[in-house]
Amino acid sequence: MTITTYKADYKKAEMKALKLLEMNNASSLPIKVKSLAEPFSNLRIKTYSWFSKKYNVTFEEIVETFQSDEGCCWYDSYSNKYLILYNERVENKKRIRWTLAHELGHFMLKHNELSKRSIIARSSLSDDEYDEFESEANVFARSLLAHPAIICQFKSANPHFISDLFHISYEAACNVFMFIQRGYEFGFNYSSNHPFIKFFSNTIHLIKNNWYCLKCNHSFSKKLAHFCPICGSKNIASQFFPGDGDVKYRSYETDEINRLKKCITCSNEEIVGDYCQICGTYLVNKCTGFSPQNIVEKYTGKWHADFTGSCGALLDANARFCHNCGSTSLFYEADILEDWKKEKEEADELPF
């Protein structure tokens, strides 16, 4: 029996979006939309160009047939197969991502089957039904790409931030931002137990605790940082997006107690205790408590200092400075790590 009325269920749309993300273990941002179709054997995503070549039709004919110059979800009830088509010629690639998410919403919410229509088009449905299906698919798309609960975890979020982080169009970002603002006006807040916050918790943590040094172009993650661990500069910014000249400084693998798995000095991998049994290098990098301005003597070889004045921070293996207090690191004082400028010069000389 064909339904004559349909009421959008926005909570269902949210949960369907979360289900699709969970099926694909897609908890990194921005979401890779096209790959979300992979678990479904009866669903394919293709471009208008592909359809044009396969069926020898023009773009104009495609737009006329599917009543959209951006995309559609086509359902064949006989084979129970779906085909999502999108116009790859749309200049705004972020808008294409929203189109794909919207059409995935029609698929996940079974709008074609409920309406018994091959495509969800205004010409084949009443205005009310069409609007309900479309608004539900839009809530699905918003939940899939940029759920408000995730955005609310960032106090400095604005439309530009939302557009950049979630890779959606500025127009869509403004709409999501306005939706959040209206919620605030009515006293609505998202609980920390919200399923989207829990699912994206690791990603949210990384974004909140990412830092970028404007002096040496190093990106690093720390819960709290006052100094760059590579160059010791205070000129660091809390941001998810590294600068254009982001430099990848050499990193070294450590175990669960922050000890090197391989000696930087002699490459010994048979590690027992905190010192290398071959060359005597200390294997745990930490804050020395020494200010780079008042160092008189450089220590080399096996380390015997008592770290008086140190803040006690354990440091990443490639840290020349303490991210907490700005003191030099043990590895830098012991000449285990070379000056950061030399490594940056080498990185700048690489062709790619």
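Determine the per residue accessible area of the chain with all protein chains present and a 1.4 angstrom probe, expressed in square angstrom. Write down the numbers at each step before the final one.
Details: 19150 Å² over 352 residues.
Per-residue value: 54 Å².
Let me know the Kirkwood hydrodynamic radius for the chain, please, with Cα pairs as the basis and the value in Å to one decimal. Each step should come with its number before you reach the end.
Numbers: mean 1/r = 0.0415 Å⁻¹.
One decimal place: 24.1 Å for the Kirkwood radius.
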Query - Per-selection metrics, region 1-90 (Cα): Rg and Dmax in Å - result: 15.5, 41
**Report entry** Integer Hz, Karplus 6.51/-1.76/1.60 couplings in order for region 273-289, x for Gly and Pro
**Finding:** x, 8, 10, 5, 6, 9, 10, x, 5, 6, 9, 10, 7, 8, 6, 8, x
Query raised in the report: In the chain, what cysteines have no partner Cβ closer than 4.7 Å?
Result: Cys72, Cys73, Cys152, Cys174
**Report entry** Residue-span extension gain [Thr203 to Ser267] - 0.36 nm each, minus C-alpha spacing
**Finding:** 19.7 nm
Query - Karplus 3J(HN,Hα) series, Hz, for region 210-224 with 6.51 cos²θ - 1.76 cosθ + 1.60 (x for Gly, Pro) - result: 9, 10, 9, 8, 7, 8, 10, 6, 9, 9, 8, 10, 8, 4, 9
Query raised in the report: For the chain, which whole percent of the accessible surface, found with a 1.4 angstrom probe, sits on carbon and sulfur atoms?
Result: 49
Query raised in the report: So what is the orientation-averaged projected area of region 46-94, using the convex hull of its C-alpha atoms, in nm²?
Result: 3.7
Query raised in the report: Once label points are set 7 Å from the Cα along Cα→Cβ at both Leu224 and Met23, what is their separation, rounded to one decimal in nm?
Result: 4.4
Query - Angle between the chain longest axis and helix 10-23 axis [Cα atoms, degrees, rounded to 10] - result: 50
Requested in this report: Please report the orientation-averaged projected area of region 29-160, defined via the convex hull of its C-alpha atoms, in nm².
Outcome: 9.2
Query raised in the report: Check Lys81: other-chain or 5+ apart residues with amide H under 5 Å from its amide H, H built from backbone geometry?
Result: Asp76
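Could you work out Rg/(2.2 N^0.38 Å) for region 110-190, with Rg from alpha carbons only?
Ratio of Cα Rg to 2.2 N^0.38 Å: 1.31.
Please report Rg over Rh for region 94-142, where both radii come from the alpha carbon positions and Rh follows the Kirkwood definition.
Working: Rg = 10.3 Å, Rh = 10.8 Å.
With Rh from the inverse mean 1/r over Cα pairs, Rg/Rh is 0.96.
In what sequence, highest mean first, do 112-118, 279-285, 16-22 appear when ranked by Cβ atoms within 10 angstrom? All intermediate terms of the calculation are to be shown ahead of the outcome.
On the way: 112-118: 16.4, 279-285: 20.4, 16-22: 18.6.
In decreasing order of mean packing, 112-118, 279-285, 16-22 become 279-285, 16-22, 112-118.
For the ranges 98-106, 338-346, what's the packing order if you count other beta-carbon atoms within 10 Å of each residue, average per peptide, and put the highest first?
Values: 98-106: 25.2, 338-346: 14.2.
In decreasing order of mean packing, 98-106, 338-346 become 98-106, 338-346.
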Query raised in the report: If we restrict to alpha carbons, what Rg and Dmax does region 89-235 come to, in Å?
Result: 19.4, 65
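Work out how much length Glu253 to Val90 would gain on full extension: take 0.36 nm times their residue separation and subtract the Cα-Cα distance, in nm to one decimal. Don't skip to the answer; put the middle values down first.
Working: separation 163, 0.36 × 163 = 58.68 nm, distance 4.40 nm.
Full-extension gain reported as 54.3 nm.
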Query raised in the report: Under 5 Å between amide H atoms, partner at least 5 residues away or on a different chain: which partners does Ala313 have, H built in plane at 1.01 Å?
Result: Cys287
Report summary line: Diffing region 149-160: the Karplus 3J(HN,Hα) column from phi (6.51, -1.76, 1.60, θ = phi - 60°), in whole Hz with x for Gly and Pro, holds 4, 6, 4, 5, 6, 10, 5, 8, 4, 9, x, 5
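The values are calculated or read from the model by the stated rules, or taken from the named source; none is laboratory data. Values in this document were obtained by computation on a predicted structure and should not be read as measured data. Heads up, the Cβs are rebuilt from the backbone with ideal geometry, glycines too, and the neighbour counts pull from every protein chain shown. Calculation scope for accessible area: heavy atoms of the full protein, side chains included, ligands and nucleic acids excluded. Shrake-Rupley method; radii C 1.70, N 1.55, O 1.52, S 1.80 Å.
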